[in-house]
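J.: Have a look at this one.
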Amino acid sequence: MRIRSSRLKLSRIVVLGMLEILLAGTVPGQGSTAASPDHITADLQGRAKHYLDFRKQVAGSAPKSDSTPSKITSAQNDLADKIRVARAGAKQGELFTPEIAQYVRMQIASRLGGPDGKRIRASLRHAEPVNITLQINQRYPDNVPLQSTPPSLLMSLPQLPTGLEYRLVGRELVIRDVDANIVVDYVANALPS
């Protein structure tokens, strides 16, 4: 009887230890197997800030708002051209790493599956659909409306520094450089079908 009781206690300890490992996402003596949401958010924000610092260094600053519309457009085009040259080798995933993209998809799916999900989906259905083939550094087309991203959806995403914004293009989530009007990076299939 005593041996069976000891085995039962040992089994409970093993099961509880395994549960702790699964819930904590760590194995004793090793680091975390998954980054925390705070780490992922900080990583995206750091990458976004790095992009803006790089842009300022190689392409200058934003067009002045006190200029005429044609001067603003011209300055915006010049800024975009300089960025394209400086980032000629840029690829999807430089800001939205696989880990960050997965986190973003999970956040969006969670928000759409939550209490606000029906309202968010209805808002997205009422917006004019935007269907373009995305490329890094491409100009966001002037004739395509800037589909607004529902605020309740934005609340679940990491905040971007001033000068960058999220936009939805079909099922993709885009980071758009506001001043240059270009696609900086995007998450493919960010919205569940």
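Where a number appears in this text, it was derived from the coordinates with a stated rule and is not lab data. A quick note: this is a predicted structure, and the numbers were derived from the prediction, not measured. Note that each Cβ is placed from the backbone with ideal geometry, even for glycine, and that neighbours are counted across all protein chains shown.
J.: Give the cross-link partners of residue 64 among the lysines, using a straight C-alpha distance below 26 Å as the criterion and excluding same-chain residues fewer than 8 apart.
T.: Those lysines meeting the cut-off are 49, 56, 82.
J.: At R0 = 25 Å, how high is the FRET efficiency between residue 61 and residue 133 if r is their beta carbon distance? Nearest 0.05 is fine.
T.: So, using R0 = 25 Å, E works out to roughly 0.25.
J.: Given labels modelled 7 Å from the Cα in the Cβ direction, how far is it in nm from residue 91 to residue 45?
T.: Output for this residue pair reads 2.8 nm.
J.: Along region 163-173, what does the Karplus equation 6.51 cos²θ - 1.76 cosθ + 1.60 (θ = phi - 60°) give for ³J(HN,Hα), rounded to whole Hz, x for Gly and Pro?
T.: So the J values, rounded to whole Hz, are x, 10, 8, 8, 9, 9, 10, x, 9, 8, 9.
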